[in-house]
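What follows draws every value from the coordinates through simple rules; no lab data is involved. On a predicted model such as this, the values are computed, not experimentally measured, just so you know. As a convention, Cβ positions derive from the backbone with ideal geometry for all residues, glycine included, and neighbour counts pool all protein chains shown.
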Amino acid sequence: MALLRTHSWLSSLWLTLVLLAAAAAPRAYAAPSEYQVKAVFLFNFAQFVNWPADAFPRPDSPFVIGVLGEDPFGSQLDDVVRGERADGRALVIERYRNVGEIRNCNILFIGHTETAHLGEILAALEGRSILTVSDADPAGPRGVMIRLVNENNRIRLRIDVAAAKAGNLTISSKLLRPAEIVGRGEG
């Protein structure tokens, strides 16, 4: 049964990606770009991670997906979440130039441009219930909760469960099953 649910989740993800590609190029099939795929992953993380109640300042607060540094998504992330909800909350995209601008954020994508500051960023976010996601070099500083790794043109997940637990986040087994699980000392 668990295999069927994982297959169902992966099928849903694939269908979403196909629909994205169809919407972007209605007259010809084009494979989704790397950042279209990553945008869909960010949206799906909102569905498969549980945040503590105090991660939201008010009962009607939106669910915030943030992008720190240079935005590699363009409008793709906005397009993916437009009209969607996470746990009954409206989804909002915010962009930050530096970690000091982050107030209420639930998922934070930390792009390549911030690799040199990754250790400082993670230290500034320590103790906050913010799911950190990055596609920066996996050999870089440790502590990013989810790394999106491009291997042979396929996006793979590397999840640091200890880092997520330290942020009081619970990651669904549906997300953990297809991922490579790493510890704080493994990257």
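Listed values, structure above:
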{"quantity": "Label-point separation in nm, V149 to E70, each point 7 Å along Cα→Cβ", "calculated": "2.4 nm"}
{"quantity": "Loop GluC sites (Glu not before Pro), the range 106-187 (other Cβ atoms within 10 Å of the site Cβ: 14 or fewer; DSSP)", "calculated": "E126, E186"}
{"quantity": "Model label zone, A30; criterion: amide N under 19 Å from point 7 Å along Cα-to-beta-carbon; scope the range 72-86", "calculated": "72-81"}
{"quantity": "Mean projected area (nm²) of the alpha-carbon convex hull when the range 101-187 is viewed from all directions", "calculated": "5.7 nm²"}
{"quantity": "Amide proton proximity set for R95, modelled H, under 5 Å, gap of 5+", "calculated": "V67"}
{"quantity": "Estimated FRET transfer efficiency when R0 is 35 angstrom, pair N50-D79 (beta carbons, to 0.05)", "calculated": "0.85"}
{"quantity": "Footprinting exposure proxy for V149, V81 (fewest neighbouring C-beta atoms within 10 Å first)", "calculated": "V149, V81"}
{"quantity": "Cα principal axis extents for the range 33-182, largest first, Å", "calculated": "40, 33, 31"}
